[in-house]
Amino acid sequence: ADSNLTTLLELAYHPHLEGKHGYNGKGSLKDGSYGEDLYIRVPCGTIVRRSGRVVADLIEPGQSWLAAKGGRGGRGNASFKTQLNTAPQISEKGEPGESLELDLELKILADAGFVGFPNAGKSTLLAALSAARPKIADYPFTTLNPNLGIVYHKKRSFAAADIPGLIEGAHEGKGLGHNFLKHIERTRVIVHLVDPLGFKDIEPAESVRVIASELGNFSSKLARKPRIIAVNKCDLPQAQEVYRAVRKAFRTRKVFLISAATRQGLDALLDEILRLLDIVPAVRIKPGDDRPEIARHAVEPLFTLERDETGLVVVGGATIERKVQMTNFGQPESVIRLRKYFKTVGLDKALANKGIHEGDSVVIAGREFEWSYSPGSDMAERAVSRRKRA
């Protein structure tokens, strides 16, 4: 997690990433060097999902998560020396590294989120309180992306976000709000800005109910977040009347009258935000919380046998596939060693029970073998590329 990044755009343009390979060993019993680790830098607030399930939530700068592990290097012939075989003609290939597909989602990290209808003054308020300079104009949907700024008040600081304008039906995908409602899930306090002029045919007081409904329909967690109502643009003639109407309609909530343009009433608003931040904990998403499951403990079988669409028997299993992938088939001793392993783990007997006869084809780890049960005879890999599996 890198605090200097704000988007996942770089990964969107370069989604296929691969770690570097290690280096081969050399003579005089020298091991090869390890491949360098590949660090993928993402913004703080990035959620990592695998098959739809949260596996990591990177919030703190420098926080990391191991996505894929590289395979260990293969051993040279010196590792196989024994008292009876002092010069073995055998070696291993390197173990294949892990390969996987992940979904990354960014939910911005902000202590306070400014929400409201388009043109309520959210960007103006963020610019007045911080060094952020979001685009400001007198037409709806000026802000197309969330903007972050650091607000300093009474020797304290917090992060504030300007969330693009929400409209009625945002939780169903209308307007831009559906794309950005997820960002509000991270905020600890919601500041709802009200435009005294209303929005289209929606009155200012009614706009508070509409936005509250949209938040609740999107997520029940949003509905429970502390929310401050701030009637903006107090320099307008109708602002005082709207302020009284909103206070009357929402007696249980604190309502402030402010002006982001003239900075009137901002100190009182900031005092209330800091007060709430002192009692509201930071929001974290724990891996696994999105889809609770019953814990189950199972032992994976050493291998499995299935027939593919062509009728060939395919042997599966991570351990047995790794043995095949690391075998150097150019060395007879390596093939003999693999053959002994198959017999030790019971693969011969399982294939016989499956109806595999002498000379039949068996696929393991993408390689097709001609199977043999004859004592002292070794199976041979078919050099037929059309049969090779991925």
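Annotations
- Matching residues in the range 78-108 - criterion: being under 30 Å from L11 (Cα atoms), hydrophobic (A, V, I, L, M, F, W, C) and without any contact (Cβ under 8 Å) to a residue 60 or more places away in the chain: L100, L102
- Residues that are under 17 Å from A230 (Cα atoms) and either open to solvent by 10 Å² or more (accessible area, probe 1.4 Å) or part of a helix (DSSP H, G or I) (or both) within the range 185-195 comprise R188, D195, listed in sequence order.
- As a summary of the residue check, L302 satisfies the conditions (1) at pLDDT 90 or above; (2) touching a Gly at 6+ places or on another chain (Cβ under 9 Å) except for the one numbered (1).
- Condition broken by A68, with the remaining ones in (1) in contact (Cβ under 8 Å) with a residue 24 or more places away in the chain; (2) open to solvent by 50 Å² or more (accessible area, probe 1.4 Å) satisfied: (2)
- Flag for S28 being in a loop (DSSP other than H, G, I, E, B), open to solvent by 80 Å² or more (accessible area, probe 1.4 Å), among the small types (G, A, S) and touching a Leu at 6+ places or on another chain (Cβ under 9 Å): no
- Restricting the range 313-342 to residues that are under 15 Å from E92 (Cβ atoms) and in a loop (DSSP other than H, G, I, E, B), the residue that is least open to solvent (accessible area, probe 1.4 Å): M326
- As a summary of the residue check, S33 satisfies the conditions (1) open to solvent by 100 Å² or more (accessible area, probe 1.4 Å); (2) in a loop (DSSP other than H, G, I, E, B); (3) not aromatic (F, W, Y) except for the one numbered (1).
- Selection of the range 73-89 for residues being surrounded by 14 or more Cβ atoms within 10 Å (Cβ to Cβ) and under 16 Å from D31 (Cα atoms) yields G73, G74, R75, G76, N77, F80.
- Residue pairs whose Cβ atoms lie under 7 Å apart, separated by 6 or more positions or on different chains, with the first residue in the range 238-257 and in contact (Cβ under 8 Å) with a residue 12 or more places away in the chain and the second assigned to a helix (DSSP H, G or I) and open to solvent by 100 Å² or more (accessible area, probe 1.4 Å), are V255/R247.
- Residues that are open to solvent by less than 80 Å² (accessible area, probe 1.4 Å) and either touching a helix residue (DSSP H, G or I) at 6+ places or on another chain (Cβ under 8 Å) or among the aromatic types (F, W, Y) (or both) within the range 295-311 comprise L302, F303, L305, listed in sequence order.
- Failed condition for I202, given (1) more than 31 Å from the chain's Cα centre (by Cα); (2) free of Cβ contacts under 8 Å to residues at least 60 places away in the same chain; (3) open to solvent by less than 50 Å² (accessible area, probe 1.4 Å): (2)
- Close contacts from the range 272-286, counting a first residue that is open to solvent by 30 Å² or more (accessible area, probe 1.4 Å) and a second that is at pLDDT below 90 and not in a loop (DSSP other than H, G, I, E, B), with Cβ to Cβ under 8 Å and a gap of 6+ residues or different chains, come to R284/D57; I285/I47; I285/V54; I285/D57; K286/V54; K286/D57.
The values are calculated or read from the model by the stated rules, or taken from the named source; none is laboratory data. Since the structure is predicted, the reported quantities are computational estimates derived from the model, not experimental observations. Backbone-built Cβ (ideal geometry, glycine too); neighbour counts: all protein chains shown. Only protein heavy atoms, including side chains, enter the accessible area calculation; ligands, DNA and RNA are left aside. Shrake-Rupley method; radii C 1.70, N 1.55, O 1.52, S 1.80 Å.
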